Amino acid sequence: KKMSPRIESSKAGSDSCEAVVIDDSSDSEREGNATASVASAAHLLEKDAHADAEKAELAASTADEAIPTSKAAFKKHPLYAVPSILNQTEVIHPSGKKRVVGIFKGELVYRRTDVSTALTAKQWLYQGRKVKDAELPKPAKKVKARQKPAPKTFKALTSYGVSDNTEQKVDGAAIEEEYDGMDKLYGKWQTDQWSPPSVGPNDTIPVNEYRNVEK
């Protein structure tokens, strides 16, 4: 058995010494270890390639999946959607309306990825976004309100420039609208990022329509 010496050095304070260590592994053993390492790396690469191939095959089969033949099948379908099965706060993104993938019983079929969530102007504030002034009179969707508006004697979130009441400002001009029992919902594309202004020790604390401080 052929042994290969190797030199190791160690230091302790100002003294240093060198020692000769005998590597008692044979050349064939070292070659075997190297071969095993190469084989392991090749196995991992092959495994990753196999996983990538499976993902590509799954993506291809999903892309070729046929459009459902019943409205019930659209409700939770991962790929396709029709407007009539969307829930109250879902809308089709404007850009998605250019990517119609088919027609189902006279209704246009869209990709599920083009379905967006729509919220009221006040709800968007809690998401750190604010509806653009120019978009206020153009809601993406109107739905029946769940509760009655606050009495006119209450003050809304005027500190933040957003109110659920009938008066809204667009470009500095007040727009009076009669409350029709519907909530106006806006898509994310109609909003900008927003954060509430800092409140100083002498500033008025913003309150909601019930005169409560919102967190």
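The values are calculated or read from the model by the stated rules, or taken from the named source; none is laboratory data. These numbers were taken from a predicted model, which means no experiment stands behind them. Reconstructed Cβ throughout: ideal geometry from the backbone, glycine too, with neighbour counts over all protein chains shown. Please note that ligands, DNA and RNA were not included when accessible areas were found on the heavy atoms of the full protein model with its side chains. Shrake-Rupley method; radii C 1.70, N 1.55, O 1.52, S 1.80 Å.
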- Query: Out of region 65-93, which residues are under 25 Å from the mean Cα position of the chain (by Cα) and part of a loop (DSSP other than H, G, I, E, B)?
  - Reply: GLU65, LYS75, LYS76, HIS77, PRO78, LEU79, VAL82, LEU86, ASN87, GLN88, THR89, HIS93
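A quick yes/no check of all residues on (1) modelled with pLDDT under 60; (2) within 25 Å of PRO94 (Cα to Cα); (3) out of contact with any Phe, Trp or Tyr (no Cβ under 7 Å at 6 or more places or on another chain); (4) open to solvent by 50 Å² or more (accessible area, probe 1.4 Å):
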{"residue": "LYS132", "(1), (2), (3), (4)": "no, yes, yes, yes"}
{"residue": "THR158", "(1), (2), (3), (4)": "yes, no, yes, yes"}
{"residue": "ASN165", "(1), (2), (3), (4)": "yes, no, yes, yes"}
{"residue": "TYR179", "(1), (2), (3), (4)": "no, no, yes, yes"}
{"residue": "TYR186", "(1), (2), (3), (4)": "no, yes, no, no"}
{"residue": "ASP192", "(1), (2), (3), (4)": "no, yes, yes, yes"}
{"residue": "THR204", "(1), (2), (3), (4)": "no, no, yes, yes"}
{"residue": "GLU209", "(1), (2), (3), (4)": "no, no, no, no"}
- Task: Check off (1) open to solvent by less than 50 Å² (accessible area, probe 1.4 Å); (2) of a type in the set (A, V, I, L, M, F, W, C); (3) in contact (Cβ under 8 Å) with a residue 12 or more places away in the chain for ALA73 and give me the number that stays unchecked.
- Result: (3)
- Query: If you go through region 100-124 one residue at a time, how many are in a loop (DSSP other than H, G, I, E, B) and more than 21 Å from TYR186 (Cβ to Cβ)?
  - Reply: 4
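Condition check ((1) buried (at least 17 other Cβ atoms within 10 Å of the Cβ); (2) among the β-branched types (Val, Ile, Thr); (3) at pLDDT 95 or above) across all residues:
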position: PHE104; (1), (2), (3): yes, no, no
position: ARG111; (1), (2), (3): no, no, no
position: LEU119; (1), (2), (3): yes, no, yes
position: LYS122; (1), (2), (3): yes, no, no
position: GLY128; (1), (2), (3): no, no, no
position: VAL143; (1), (2), (3): no, yes, no
position: LYS148; (1), (2), (3): no, no, no
position: PRO151; (1), (2), (3): no, no, no
position: LYS155; (1), (2), (3): no, no, no
- Message: Taking the conditions exactly as written (at pLDDT 90 or above, crowded, with 18+ Cβ neighbours inside 10 Å and touching a Leu at 6+ places or on another chain (Cβ under 7 Å)), does ALA81 satisfy them or not?
- Response: no
- Task: Could you grab me the full set of residues in region 91-102 that are out of contact with any Lys or Arg (no Cβ under 7 Å at 6 or more places or on another chain) and surrounded by fewer than 16 Cβ atoms within 10 Å (Cβ to Cβ)?
- Result: PRO94, SER95, LYS97, LYS98, VAL100, GLY102
